[in-house]
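The values are calculated or read from the model by the stated rules, or taken from the named source; none is laboratory data. Here the structure is a predicted model, which means the values were calculated and not measured. Please note: Cβ atoms are built from the backbone with ideal geometry, for glycine as well, and neighbour counts cover all protein chains shown.
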Amino acid sequence: MKNPPVVEKVQVRYQDLDPYGHVNNAFHMAYFESVRLAYLERIAGHLGLGSLEAGDLPGVRYVIAEATVRFKVPIRLGDTLHGAASISTVGNRSFVMDYELRVGESYENGRVAAEGTSAQVFYDPEADESRPRPDWFVSAVAAIEGRPEESFAPEGR
């Protein structure tokens, strides 16, 4: 991932390990989640919205509709781990995030340990259904990513 807008150091804990001494596959998604929250905090800060509400932007809920992980190299206890996140597309009711985990002293010089994506659907918990994206969402993401708004349109639209 080139020049991701959000890079966070991720803590590898003993409890994350499997019997072989490397991070259990389930924890990769938790690492992605921590970077996703850092990205959403960056949006909230950019817009002056305040703190996240239960991990969501104030007034904006979402659910994960799909998630993938591609494992490249094992992550071990003691590794310095960096996670990065970027939004690749924004649809009328959803957005897709890309993630990368790198092992090394810095993100820039680290080895890619895992890559992944997740598709988030904007959600209204009271109505128990998807909802349209907020009007301001694409412009906020474009500002953080340093890309034009039209570059976030899903392919074929």
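Quick rundown of the values:
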read-out	value
Pick from segment 1-19, criterion under 27 Å from residue 141 (Cβ atoms) and among the charged types (D, E, K, R), ranking: surrounded by the fewest Cβ atoms within 10 Å (Cβ to Cβ)	2
Some residue of segment 118-132 being under 23 Å from residue 11 (Cβ atoms) and touching a strand residue (DSSP E or B) at 6+ places or on another chain (Cβ under 8 Å)	yes
Residue 144 vs. criteria closer than 17 Å to residue 36 by Cα, part of a helix (DSSP H, G or I) and within 16 Å of the chain's Cα centre (by Cα)	yes
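Every residue, every condition in (1) at pLDDT 95 or above; (2) of a type in the set (A, V, I, L, M), yes or no:
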position	(1), (2)
6	yes, yes
25	no, no
32	yes, no
45	no, no
